[in-house]
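Please treat every number below as a calculation from the coordinates, not as lab data. Just so you know, these numbers come straight off a predicted model, no measurement behind them. With ideal geometry, Cβ positions are generated from the backbone for all residues, glycine too; neighbour counts draw on all protein chains shown.
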Amino acid sequence: MDEELERDERVFLLGEEVAQYDGAYKISRGLWKKYGDKRIIDTPITEMGFAGIAVGAAMAGLRPICEFMTFNFSMQAIDQVINSAAKTYYMSAGFQSVPIVFRGPNGASAGVAAQHSQCFAAWYGHCPGLKVVSPWSAEDAKGLLKSAIRDDNPVVFLENELMYGVAFDMSEESQSKDFLIPFGKAKIERPGNHITVVSHSRMVTLCLDAAAVLAKEGIECEVINMRTIRPLDTETIETSIMKTNHLITVEGGWPQFGVGAEVLARIMEGPAFNFLDAPAVRVTGVDIPMPYAKILEDNSIPQIKDIIFSIKKTLNV
């Protein structure tokens with residue numbers, strides 16, 4: 001964000017506690033002192049209001065970054081995100097673009113119960129007019145966020161609270177101020193030839209951990225980090241399936257009409273379906289509101305053991 005604020009004076013950040021408090025999760029640390037009140041703006045607790053201000057500013061030629069303290073609160077502003085931001089370019093016949101980024105933590109954290117633990121990847125991925133991004137690594141976060149800020153369309157940028165404190169190695173290429181990752185391009189995080197494992201956000205970590213355990217048993221998993229939910233990189237997944245002949249998807253969100261359901265539907269409708277040697281399987285969160293008690297919470301979101309179980313079941317081993 002700092003690099004893009006410095007690069008383009010039309011970029012500004014607004015949201016709850018983003019300025020003087022340095023952000024609820026310290027993502028905007030130091031930006032208020034560097035850029036001042038006009039570009040790093042603390043808002044009242046009114047998502048509908050400040051999201052509307054941000055969309056209006058985007059229509060007027062600025063490039064706002066609208067932070068939701070958690071995407072659960074974006075429900076307060078969903079009319080602005082969908083009706084005001086996502087549909088305007090189409091409804092104006094391409095005359096009025098809305099270059100805005102809605103960003104903040106998404107999905108389950110720890111111990112924050114039903115109203116603060118929901119994944120909105122499928123919600124926003126459902127809507128034409130939006131681009132929906134779900135980074136996993138630090139490199140993903142940097143390259144995709146810079147692409148999002150520079151994009152002329154509204155982008156929903158789904159971070160994860162539990163990933164904020166995780167350190168990643170950064171390539172030399174990613175240190176550049178012009179390092180961008182294009183939307184709609186998944187990344188193979190671990191090559192393998194027995195089964196394709198498709199995931200996004202924090203669940204990529206669990207998939208890689210499960211793949212490391214299974215490698216000791218001679219099972220090689222190809223782990224694909226989706227990076228973007230919309231547009232969805234079907235081609236990378238199809239190419240992998242044609243090699244491995246098996247597929248599972250892993251996500252923290254609910255099963256019905258979820259990201260995994262869309263991936264499976266596309267595979268069934270496309271050329272890779274005939275390469276599958278077994279039915280594709282989804283590993284998802286449980287179909288209930290998130291419980292508060294830790295043991296119930298742990299049983300409500302996918303664990304490494306669940307991924308291993310589903311892979312072995314799919315491979316019939």
Straight-line reach check, Lys312, cutoff 18 Å on alpha carbons, 8 or more apart in-chain or any other chain, hits among lysines -> Lys216, Lys243
Residues of the stretch 96-131 with backbone N under 19 Å of the label point set 7 Å from the Cα of Leu296 along Cα→Cβ are 108-119
Log entry: pair-distance distribution for the chain, C-alpha pairs binned every 10 Å from zero, whole % per bin is 6, 27, 34, 23, 9, 1
Interchain or sequence-distant (5+) residues whose placed amide H lies within less than 5 Å of the amide H of Ala19 are Asp42
Any lysines whose Cα falls less than 24 Å from that of Lys33, other than same-chain ones fewer than 8 residues away, would be Lys142, Lys146, Lys177
For Tyr164 and Ile188, extending 7 Å from Cα along the Cα-Cβ vector and measuring point to point gives, in nm, a value of 3.5
Taking a crude spin-label model, label points 7 Å out from Cα along the C-beta direction, the Asp287 to Asp306 distance in nm is 1.4
HN-Hα couplings for the stretch 173-183 via Karplus (6.51, -1.76, 1.60; θ = phi - 60°), in whole Hz with x for Gly/Pro, come out as 4, 6, 6, 5, 6, 10, 6, 10, 10, x, 6
As straight-line cross-link partners of Lys87, the qualifying lysines (C-alpha separation under 16 Å, not fewer than 8 residues apart within one chain) are Lys131
Residue span Lys33 to Val112: 0.36 nm per residue of separation minus Cα-Cα distance leaves a gain in nm of 25.4 nm
Surrounding charge for Ile41, neighbours by C-beta under 15 angstrom, Lys/Arg +1, Asp/Glu -1, total -1
With R₀ set to 22 angstrom, the calculated FRET efficiency between the beta-carbons of Glu17 and Ala60, to the nearest 0.05, is 0.30
So Val317 and Lys216, fully extended at 0.36 nm per residue minus their Cα-Cα distance, gain in nm 35.0 nm
The rounded separation in angstrom of the Cα centers of the stretch 1-66 and the stretch 237-277 is 38
Kirkwood-based Rg/Rh on the Cα set of the stretch 12-157 evaluates to 0.94
